[in-house]
Amino acid sequence: MVQPEEDKAADDSGAAGERSHDKEALEALSRHVERIKNELAQTIVGQQEVIEQLLVALLAGGHVLLVGVPGLAKTLLVSSLARSMDLTFHRIQFTPDLMPPDITGTEVLQEDRSTGAREFRFIPGPIFANVVLADEINRTPPKTQAALLEAMQEHQVTAAGRRHDLPSPFFVLATQNPIEQEGTYPLPEAQLDRFMFNVLVDYPDQAEEVEIVLRTTSDHVHQPQSTVSGEELLQLAGVVRRIAITPALALTATQIARLTRPRDAAADDLVRQYVRWGAGPRASQYIVLGAKARAAMHGSPVVRREDIEAVAPPVLRHRMRLNFQAEAAGISVEEVIQHVLSNVDRSLESGPTSEQLAKVLRS
């Protein structure tokens, strides 16, 4: 059946309008990102890669685990990021005596003085904020750590059998000290899997450290100015979801995750020898979503191979478990990830075809 000329013209006009709208949305997203980066640069010295990974996760709607030794401004970075985006911010200092109601909130018995009637009223905890900093999350017992699970996954908390919705957008940014083991409780795998990224915060170089010293020992303190509202951030997240990805790159993202699994047919000898558990399907989802956010931040309407490779390490590093052989041989998770990324092209033939993926993407 031949499409009438007027209908075809209308379709072309609509497609052109949609492309123009998406281009404007991408330009707006890039402008917001640059403003946020400029504000953070007034407070945070260096750490450009860390800042980019944080912004990628926030645009994708994911939670982040920041791992680094004390004194690297992890707390300052998170609080400055929240202020630069006009989001409510709460900091929770995790300690061994912290209880779940201290985070989620609790029911209290309240009396109406005029009538004498008593009723329970829910008092929200510090989890009720747009950005929640879970400082030193591994210093509290698993029972309290688990209080975050429902909040991170369902964006709600349950108290006395009643559900309470958390504000939107909602992000948990947790910090963890990798060098202290006494008095800590390692996060279980189910909890770790809720974090989109595991971001490594490293030492600054010498020039950056000199600048840090000069800034922090003067009498000038910069207060970040808000550049984007929570509502605008939700709209930007919608732009990220509309970024296109080709079947071949979707296949690459899934194969990267599959190659970390020692029991997968495509896994090579190094993975089978040193990896005990590989990344699950959520890793594939986050690689694609993170790649879309990174592409949007750089003004690209489609995901590129470099976007996939940039987000894969922070997605994978907390979703893999190495065995004792790896520890004895001095093999790190980072080395395994780089090995997987360098060999992913070789395994594409064993996966589903691009035609099958194209059919899924069109449906």
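Before moving on, here are some points about what is shown:
- Any hit, the range 120-131, residues being buried (at least 21 other Cβ atoms within 10 Å of the Cβ), at pLDDT 90 or above and either in a strand (DSSP E or B) or not assigned by TED's automatic domain parsing to the domain that holds Leu77 (or both): yes
- When the range 68-117 is filtered for residues that are aliphatic (A, V, I, L, M) and over 30 Å from Lys37 (Cβ atoms), the ones remaining, listed by number, are Leu98, Met99, Ile103, Val108, Leu109, Ala117.
- Of everything in the range 288-302 that is in contact (Cβ under 8 Å) with a residue 60 or more places away in the chain and in a helix (DSSP H, G or I), the residue that is surrounded by the most Cβ atoms within 10 Å (Cβ to Cβ) is Ala293.
- Failed condition for Ala207, given (1) surrounded by fewer than 16 Cβ atoms within 10 Å (Cβ to Cβ); (2) without any contact (Cβ under 8 Å) to a residue 24 or more places away in the chain; (3) not in a helix (DSSP H, G or I): (3)
- Output for the range 146-164, where each listed residue is at positive phi and either part of a strand (DSSP E or B) or out of contact with any Phe, Trp or Tyr (no Cβ under 6 Å at 6 or more places or on another chain) (or both): Ala160, Gly161
- Ala207 vs. criteria more than 15 Å from Asn138 (Cβ to Cβ) and touching a Ser or Thr at 6+ places or on another chain (Cβ under 9 Å): no
- Only listed residue being under 17 Å from the mean Cα position of the chain (by Cα) and either in the same structural domain as Pro70 (by TED's automatic domain parsing) or among the acidic types (Asp, Glu) (or both), chosen from Leu148, Leu214: Leu148
- Scanning the range 30-44 for residues that are under 12 Å from Arg215 (Cβ atoms), touching a residue at least 60 places away in the same chain (Cβ under 8 Å) and crowded, with 18+ Cβ neighbours inside 10 Å turns up just one, Thr43.
- In the range 150-182, the qualifying residues are those that are modelled with pLDDT of 85 or more and loosely packed, with under 12 Cβ neighbours inside 10 Å, and the one that is farthest from Gly62 (Cα to Cα) is Arg163.
- Of all residues in the range 119-141, those that are small (Gly, Ala, Ser) have Cβ atoms under 6 Å from Cβ atoms of residues that are exposed (fewer than 15 other Cβ atoms within 10 Å of the Cβ), 6 or more apart or on another chain, in Ala129/Thr88.
- Residue match in the range 224-235 (condition: surrounded by 20 or more Cβ atoms within 10 Å (Cβ to Cβ), assigned to a helix (DSSP H, G or I), at negative phi and among the β-branched types (Val, Ile, Thr)): no
- In the range 261-287, the residues that are touching a helix residue (DSSP H, G or I) at 6+ places or on another chain (Cβ under 6 Å) and surrounded by 23 or more Cβ atoms within 10 Å (Cβ to Cβ): Tyr274, Ala279, Ala283, Tyr286, Ile287
- Members of the range 269-287 found to be part of a helix (DSSP H, G or I) and out of contact with any Ser or Thr (no Cβ under 7 Å at 6 or more places or on another chain), listed by number: Asp269, Leu270, Arg272, Gln273, Tyr274, Pro281, Arg282, Ala283, Gln285, Tyr286, Ile287
- Within the range 324-341, residues that are under 13 Å from Asp268 (Cβ atoms) sit with their Cβ atoms under 6 Å from residues that are polar (S, T, N, Q), at 6+ positions apart or across chains, in these pairs: Val340/Thr260.
- Criterion violated by Ala134 - all others in (1) part of a strand (DSSP E or B); (2) more than 14 Å from Gln191 (Cα to Cα) satisfied: (2)
The values are calculated or read from the model by the stated rules, or taken from the named source; none is laboratory data. Note that the structure is predicted; figures quoted are calculated from it, not measured. Neighbour counts are summed over all protein chains in view; Cβ atoms, including those assigned to glycine, are modelled from backbone coordinates with ideal geometry.
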